[in-house]
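**Student:** The structure's right below; bear with me while I get my questions together.
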Amino acid sequence: MASGRGIARLLIVAVGTAVFAAIGVSLFVVYPESLADLAGVLVALVVVVAGIRIAGTVAGSLFPGYDVAEVAVEGPITRDGGGGRLPSSPRGTPADDIVDQIDRADKDDNVDALLLKLNTPGGEIVPSDDIRLAAERFDGPTIAYTTDVCASGGYWIASGCDELWARDGSIVGSIGVIGSRVNANDLAEKVGLSYERLAAGEYKDAGTPLKELEDDEREYLQGLIDDYYETFVERVSDGRDLEPEFVRDTEARIYLGEEAYEMELVDHLGTRRELETELADRLDRDDVAVEEFEPERPLMARVGTGAQQLAYAFGAGIAGIAEDREFRLRI
């Protein structure tokens, strides 16, 4: 089926090229007898090139060269794609952009299936869940696959797909939630800094790094982590058809792909080529043509994001570092 589309596209382009070539030659080479024949030839060439592009566009719309969409989730999962304030911090694709790509693939009549490439150590909870929900909304087969790392938030996302593929040496799992803070109280005392509390609400400043964590604050923050963990277990249990107790027994361990497959945390082990062959069989065709969907972001938006990160890098200072090390939840 894919080869038939290719032949049809080629025929349209060939016919379109011939038609526009004939028009160009007739208008600018044959009929003019005295008025700048050389210029006429150049204009004719322009017409031919334009015709090729127009014919290619028409062919692409009538006989698209893809039937499967691929969307990549790579790097830390965050709302804006930022890995941190410093330029050396790892970056990922903004979660909202990933959701937009999946939704565009879902609306594309040419797309019959979705491949979700997951190479991520995890990240923020709600952005991960937004991507999972987008994968669940997709009307068609959704296959997640990883070559390197599908951990924590990546596995959260995979729970919203029909199945998960991995390689023997892939890292899979880490079904858990972590909350962290830096205790800078002793350091603050040494450099002469003190913490003065001005807050409304007993737990408003729980996790602030410039003061010791009280027992009741620790219990409160641990309760938040436990609640998110139960949600994670529920997502994996429902999406992967696994017993909740089995998921808890993994204790947030990571596994190599082969062991993850034996534990049924992964559905198939194989290469990308093997995955595409299997998908073609399911879609009842000789092969599949995969189109990588990318964010639709205007140039000025990309420039603005880069400038913002540069400003963070040079202007964060001590206050920014302290803020970045307050209590944070991630998966």
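**Student:** Need pairs with beta-carbon distance below 9 Å; first residue without any contact (Cβ under 8 Å) to a residue 60 or more places away in the chain and within region 188-205, second polar (S, T, N, Q) and assigned to a loop (DSSP other than H, G, I, E, B); sequence gap 6+ or separate chains.
**Tutor:** Close Cβ pairs satisfying both conditions: 188/194; 195/208; 197/208.
Yes/no per residue for (1) in a helix (DSSP H, G or I); (2) surrounded by 16 or more Cβ atoms within 10 Å (Cβ to Cβ); (3) of a type outside the set (Lys, Arg); (4) within 29 Å of the chain's Cα centre (by Cα):
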| residue | (1), (2), (3), (4) |
| --- | --- |
| 196 | no, no, yes, no |
| 216 | yes, no, yes, no |
| 242 | no, yes, yes, yes |
| 276 | yes, yes, yes, yes |
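**Student:** State whether the residues of region 166-173 include one that is under 19 Å from residue 69 (Cα atoms), among the acidic types (Asp, Glu), touching a strand residue (DSSP E or B) at 6+ places or on another chain (Cβ under 8 Å) and in contact (Cβ under 8 Å) with a residue 24 or more places away in the chain.
**Tutor:** Within region 166-173 (the criterion being under 19 Å from residue 69 (Cα atoms), among the acidic types (Asp, Glu), touching a strand residue (DSSP E or B) at 6+ places or on another chain (Cβ under 8 Å) and in contact (Cβ under 8 Å) with a residue 24 or more places away in the chain), the answer is no, since none of the residues qualifies.
**Student:** Given the structure, is residue 180 under 31 Å from the mean Cα position of the chain (by Cα) and modelled with pLDDT of 85 or more?
**Tutor:** No: the conditions fail for residue 180.
**Student:** Let me ask another. From the residues in region 110-131 that are assigned to a strand (DSSP E or B) and over 12 Å from residue 152 (Cβ atoms), which one is most open to solvent (accessible area, probe 1.4 Å)?
**Tutor:** My answer is 117.
**Student:** Cβ-Cβ below 8 Å, separation at least six or inter-chain, first residue in region 239-262 and closer than 23 Å to residue 145 by Cβ, second among the polar types (S, T, N, Q) and open to solvent by 20 Å² or more (accessible area, probe 1.4 Å): which pairs?
**Tutor:** As it stands, the answer is 252/174; 253/174; 254/174, since those pairs meet every condition given.
The rows are residues; the columns are (1) aliphatic (A, V, I, L, M); (2) part of a helix (DSSP H, G or I); (3) surrounded by fewer than 19 Cβ atoms within 10 Å (Cβ to Cβ); (4) at pLDDT below 95.
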position: 172; (1), (2), (3), (4): yes, no, no, no
position: 175; (1), (2), (3), (4): yes, no, no, no
position: 189; (1), (2), (3), (4): no, yes, yes, yes
position: 192; (1), (2), (3), (4): no, no, yes, yes
position: 199; (1), (2), (3), (4): yes, no, yes, yes
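**Student:** Test each condition in (1) at pLDDT 95 or above; (2) open to solvent by 40 Å² or more (accessible area, probe 1.4 Å); (3) of a type in the set (Phe, Trp, Tyr) for residue 255 and report the one that comes out false.
**Tutor:** Answer for residue 255: the failing condition is (2).
Rundown of residues vs (1) without any contact (Cβ under 8 Å) to a residue 40 or more places away in the chain; (2) of a type in the set (Phe, Trp, Tyr); (3) in contact with a Gly (Cβ under 9 Å, 6 or more places away or on another chain), yes/no style:
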{"residue": "130", "(1), (2), (3)": "yes, no, no"}
{"residue": "141", "(1), (2), (3)": "no, no, no"}
{"residue": "151", "(1), (2), (3)": "no, no, yes"}
{"residue": "163", "(1), (2), (3)": "no, no, no"}
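**Student:** Could you go through region 88-96 and let me know if any residue there is of a type outside the set (Ser, Thr, Tyr), modelled with pLDDT under 60 and assigned to a loop (DSSP other than H, G, I, E, B).
**Tutor:** Yes, because at least one residue in region 88-96 is of a type outside the set (Ser, Thr, Tyr), modelled with pLDDT under 60 and assigned to a loop (DSSP other than H, G, I, E, B).
**Student:** Still on this structure: Answer yes or no as to whether residue 206 is over 22 Å from residue 247 (Cα atoms), in contact with a Leu (Cβ under 8 Å, 6 or more places away or on another chain), open to solvent by 10 Å² or more (accessible area, probe 1.4 Å) and not in a helix (DSSP H, G or I).
**Tutor:** yes
The values are calculated or read from the model by the stated rules, or taken from the named source; none is laboratory data. Remember, it's a predicted structure, so these values are computed and weren't measured experimentally. With ideal geometry, Cβ positions are generated from the backbone for all residues, glycine too; neighbour counts draw on all protein chains shown. Accessible surface areas use protein heavy atoms only, side chains included; no ligands, DNA or RNA. Shrake-Rupley method; radii C 1.70, N 1.55, O 1.52, S 1.80 Å.
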